[in-house]
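The values are calculated or read from the model by the stated rules, or taken from the named source; none is laboratory data. From a predicted model like this one, the values you see are computed outputs, not experimental measurements. Heads up, the Cβs are rebuilt from the backbone with ideal geometry, glycines too, and the neighbour counts pull from every protein chain shown.
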């Protein structure tokens, strides 16, 4: 089953064509990197897929339904770029924050039950943040905040996870831990994941598809014989040259 189907999509923002005639499909279980230069339209593309920006023309289907008719938003978790920018003085613990993800439309106004808290504890453990569960959110690092937000998204068991530049201003070791968790979610849990990222090594090392966005939108499968230089030049220009830096590649998760 297709998680996302985009056909002949055109999007205008501030009077400018930002996405031009995009056509692509994302299958359930895909792990997709979205790359491209700043201002190229990456965030616009995902916000349009989520129905937050109107399209000029074309069609979008989510899990087989036209976006205009789609109403199963609990299947989708979205973490925006500025998720970690919040009031550090807000009096809530990491565990309490993650538990907010269990407050879906059917639980508004109701207290969480034992099963909800078991799911919260399980997700904290999976994300490796059980040790900070009782800390106030203002006391933890940026990397821990990013994992906390992902935990809040995961705790309601979404089928599709979309992250817009989830890793920024953190050290390479923290970045590697975060991408490793995403790989686990994809390979072990079968989650469909889309990640807007500037870390091209992480994209081509870990993911199975890449979407290049710079007004035009190109999608390619990532395989051993994939022409990586050719793919990135479609987004960054003919003079762009890409060099890998060290990543624990996806093969680590396929044993």
Residues satisfying the stated conditions in region 145-176, i.e. more than 20 Å from residue 94 (Cβ to Cβ), over 11 Å from the mean Cα position of the chain (by Cα) and modelled with pLDDT of 90 or more: 159
In the set 65, 95, 55, 61, which member is at pLDDT 95 or above, out of contact with any strand residue (DSSP E or B) (no Cβ under 7 Å at 6 or more places or on another chain) and either exposed (fewer than 13 other Cβ atoms within 10 Å of the Cβ) or closer than 30 Å to residue 23 by Cβ (or both)? 65
All but one of (1) modelled with pLDDT under 95; (2) part of a strand (DSSP E or B) hold for residue 24; which doesn't? (1)
All-but-one check, residue 77 against (1) outside any loop (DSSP other than H, G, I, E, B); (2) touching a strand residue (DSSP E or B) at 6+ places or on another chain (Cβ under 6 Å); (3) at pLDDT 95 or above, failing number (3)
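Can you tell me which of 51, 33, 40, 29 is within 14 Å of residue 218 (Cβ to Cβ) and assigned to a loop (DSSP other than H, G, I, E, B)? Spell out how you get there, then give the answer.
On the way: 51 fails: within 14 Å of residue 218 (Cβ to Cβ); 33 fails: assigned to a loop (DSSP other than H, G, I, E, B); 29 fails: within 14 Å of residue 218 (Cβ to Cβ).
Going through 51, 33, 40, 29 in turn, just one is within 14 Å of residue 218 (Cβ to Cβ) and assigned to a loop (DSSP other than H, G, I, E, B): 40.
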Scan region 134-152 for residues that are within 26 Å of residue 211 (Cβ to Cβ) and surrounded by 20 or more Cβ atoms within 10 Å (Cβ to Cβ) and jot them down. 146, 147, 149, 150, 151, 152
